[in-house]
Structures are given as C-alpha cells and as structure tokens.
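The values are calculated or read from the model by the stated rules, or taken from the named source; none is laboratory data. Keep in mind that this is a model prediction, so the values were computed, not measured. Ideal geometry is used to build each Cβ from the backbone, glycine not excepted, and the neighbour counts take in all protein chains shown. The protein model used for the area step is the full one, side chains on, heavy atoms only, and it has no ligands, DNA or RNA in it. Shrake-Rupley method; radii C 1.70, N 1.55, O 1.52, S 1.80 Å.
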Amino acid sequence: MNEAIRPAGAVPLQSAAIPIVTVVVPTFNERDNVVTLYKRLEAAFKDLPWEVVFVDDNSPDDTWQVVRELSRTDSRVRCIRRIGRRGLSGACIEGILAASAPYAAVIDADLQHDETQLPKMLALLQSGAAELVVGSRYIEGGSAASFDKQRAGASAFATEIARRLLRVEIADPMSGFFMIRRDRFEQIAPKLSTQGFKILLDIVASAEGGLRTVEIPYTFGSRLHGESKLDSMVALDFLGLVLAKMTNDAVSLRFLLFAMVGGTGLFVHLGTLFLGLQLFDLPFTEAQAIGAFAAMTSNFILNNFLTYRDQRLKGFAVLRGLVAFYVVCSVGLLANVGVAFSVYDQEPIWWLAGAAGALMGVVWNYAISGLFVWRKR
Ligand code: GDD
Ligand code: MN
C-alpha cells in the first residue's frame, strides 16, 4: 500500500520480521534433538530472517511440549501438533503449507542432515537458478557413510526403480533434505500423497519434469538421539507410491493389498471347511458358516496389520472393528451373489458371473470398510 494513502494509525509493516525461508521439521519422538537443531539453525542463518515450523504427530515423548516452550521464547518457532494422524509426508506437506516465507525447506530433526547447507540452498533459489534444491548423498562430494550395507543397497535399488519407472532424473530422490519455492509447491500439493515418507520423490514425479532442480552434496551423518522411525514396511510405502504415480492414481496399493488378503481368505475358508467336515463331522451348512467366519476374521487381522497398518486399530477398537467388518462383508456377500446372479441371468457363463460377483464383493468390502472399519479419525 502506498504510504500516502495508508490510514492514520495503521500498524507499520514489520518487514524485518518477515521470514525469507521457513524450515519445516517433521518430528516423532525427538524431544532430545529439537533444541539442538534450533540452535544450529540459528547459527546457520545468522542475520537472515527465518522461521521454523515443527510438525509433531502427538509424540508420546511430548516433543511438542519442548517445541512449545521454545516458541514462547522465540516467535520464529512454531509448532503444529497433529492428533490422530501419522506420517512423514503428510507432516511435511502441512508444514510447508503453513509456511509464510516464499521458500520452504524440509530437514530431519535428528541432525543427520547438514543444516549449514541451508543458506546455499536459499541463494540458489533466490537467484532463480533453481525452483527446487536437493541435498544429495549420491553426487560428487556427498556421502551416506552412516548407512549400513543393507540400507545402502535398499536405497540404491529404490533410486534405480524411481529412475526407470517414474523417469525421475535426480541422483537422490529419496532424500529427506531439500528446499523449494513455496508457490511451486502449492501448485503441486493437491497431487501429493499424504501417506508414506517419500515426499521428495512424490514432488519430483508429480511435477512431471516441470521443476528446475539443482542438487548439492552433503554428508548424511548419524542420528544424535533416539532411533529411526523407518522400518521394513517402508518398502511397501515406496511400492505404493510408484504404483500410484505410474497409473495416475488409478491403482492404489491399498486396494491391491486388500484384494490379495481377500485371496488368502479363500484358502482359510476352504481349509476350515475341510477340517470341519473331515475332522469334526459337522453338517455342511455349519462347517461352511464357520469357514466364512474364519476367513473374515483372518482377513480382518491381515488387513489391520498390512493394508491399514498406518491406521491400525488397537485395544478395544479392534473388537468394534471386527464386528463392523463382519457386517460389511456380509452385505458384500449379498452384493456378490446379486451381481453374479444377474450376470448369469443375462449370459449363463459360470466363470464370468462368478468373477463379476467376486469383483463386486471385493470393491464393496474395500470401499465400505474404508469408511466404517478403518475410518480416518
Ligand atoms: N510428524 C512426523 N510423523 N514425523 C516423522 C514421522 C511421522 O510419522 N516419522 C518420522 N518422522 C520424522 C522423524 O522424527 C525425523 O525427524 C524425520 O522424520 C526422519 O525420520 P527418521 O526416523 O530419522 O528417518 P531416517 O533417518 O531413517 O530416514 C531419513 O533418511 C531417508 C533417506 O534414506 C529420512 O530423511 C527419510 O526421509 C529419507 O528418505
Ligand atoms: Mn534420521
């Protein structure tokens, strides 16, 4: 606004306090690391106006409380405490969207990334040389010395797959350390998956080659305190992301897992039926009913551990979920038989009718149990 027409008494712009860069730090059980990271950020940025947004998924170790304390002494520090949600990617997305600066960086809380690179990353963005700057372990000058053999191999393998299948060109698309123009990020954000942890890969793949990217080397250090949150399930997350990006979100890994679990249910059903008939001499109807319950129960348990592991039901909710799952599947069975019957009525080909019914059943079960059994809280 022009100074001359500014209404009398209006608050003058506090331009000194407006940050040029927002650092986003996802945290889960990092209480012993956040203060150290904050101090190092302060040292790294010196006189540059910056801010930091910690995005904490309600850590049991109360990381958010430590951040809250910090934010009461320094207004550049903010804390987003998310309840009922877990996930590195989702946390980063929310943090960047909460940024007020034109540039946003993502860095881990455990000091494995090199925060002294941040001013250099910022300069590259400000000069217009890049829209995205990636801290890379796999270019000349970078390294991941703290990786054990197994993790180094897995990381290299995933990088290769991303290159071939998603045509992602950068050397280290699995990096969790980068800085991006916020306006570019906001354009891409609606396409991103909030599940999983491959936020950078997702950004690059979703931008469809449209992001001018520069990689700068850094050394991936060792964790200061606490332990890594990534387990062997990250391989599944990675597959899911590749699948979704390749098919333009048409195929989700969740649906494939759900259908595969359904397939195992068939074996459980037949096995139980066999035992009931042969071993316990049950009448067929009873053995069949027990078989169906056994299959639904094992499907529920597998889905709870695999398909919906990020929203896993625990404690009393397991019982409530199981009962809801029985109800959903029973209706699914009616839908299955109904569709099979009407197909058979039109075209008496048994396998076509059977397959159409089964497909209807699995789609129904998947859609409805996503709403009522593993609903997002
Ligand atoms: N809010 C939130 N929610 N934060 C999380 C979650 C979550 O579910 N899971 C992990 N984090 C935070 C951690 O607290 C940490 O600050 C950061 O995300 C990285 O998690 P680590 O558990 O330290 O991961 P890592 O060191 O094994 O993996 C790192 O290196 C990979 C490259 O090999 C991460 O930077 C990955 O993003 C990166 O791909
Ligand atoms: Mn780490």
Exercise. Tell me, rounded to the nearest percent, the portion of alpha carbon pairs in segment 253-372 spaced more than 22 Å apart.
Key: 39 percent
Quiz item: At a 1.4 Å probe, what is the % contribution of carbon and sulfur to the accessible area of the chain?
Solution: 61 percent
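So if we plug the beta-carbon distance of residue 148 and residue 236 into 1/(1 + (r/R0)^6) with R0 = 30 Å, what FRET efficiency do we get, rounded to 0.05?
0.90
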Exercise. State the extension gain, in nm to one decimal, for the chain segment bounded by residue 342 and residue 317, taking 0.36 nm per residue of separation less the distance between their alpha-carbons.
Key: 5.3 nm
Quiz item: Does anyone have the angle between helix 149-166 and the longest principal axis of the chain? Alpha-carbon axes, 0 to 90°, nearest 10?
Solution: 80 degrees
Self-check item: Alpha-carbon centroid distance for the pair segment 223-290 / segment 38-99, whole angstrom
Solution: 36 Å
Practice problem: Express in Å², to the nearest 10, the accessible area of residue 286 obtained by rolling a 1.4 Å probe over the protein heavy atoms while all chains stay in place. | Solution: 100 Å²
Practice problem: Please find the FRET efficiency linking residue 140 to residue 69, where r is the Cβ-Cβ separation and R0 is fixed at 35 Å, and quote it to the nearest 0.05. | Solution: 0.25
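Given the rule -39500 (n - 2.57) for each run of at least 4 DSSP H residues, summed and divided by the residues of the chain, what is its mean residue ellipticity at 222 nm, to the nearest 500 deg cm²/dmol?
-16500 deg cm²/dmol
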Self-check item: Other-chain or far-sequence residues with amide H under 5 Å of residue 23's (modelled H)
Solution: 51, 52, 53, 105
Practice problem: Quick one: grab the alpha carbon gyration tensor of the chain, order the square roots of its eigenvalues as a ≥ b ≥ c, and give me rounded if a/c is under 1.5, else prolate or oblate depending on whether a/b is larger than b/c. | Solution: prolate
Exercise. May I ask you to give the solvent-accessible area per residue for segment 110-201, in square angstrom, as obtained with a 1.4 angstrom probe?
Key: 46 Å²
Quiz prompt | Packing-based ranking, highest mean first, of 347-356, 366-375 given that Cβ atoms within 10 Å are counted | solution = 366-375, 347-356
Exercise. Return the distance in nm (one decimal) between the two label points of a simple spin-label model at residue 333 and residue 214, each offset 7 Å from Cα along Cα→Cβ.
Key: 6.4 nm
Practice problem: Give the angle, between 0 and 90 degrees and rounded to the nearest 10, that separates the Cα long axis of helix 316-346 from the longest principal axis of the Cα atoms of the chain. | Solution: 60 degrees
Practice problem: Find, among the GluC sites (Glu not before Pro) in segment 183-275, those assigned to loop by DSSP (not H, G, I, E, B) with at most 12 other beta-carbon atoms within 10 angstrom. | Solution: 208, 227
Quiz prompt | Efficiency of FRET from Cβ geometry, residue 156 and residue 350, R₀ 41 Å, rounded to 0.05 | solution = 0.25
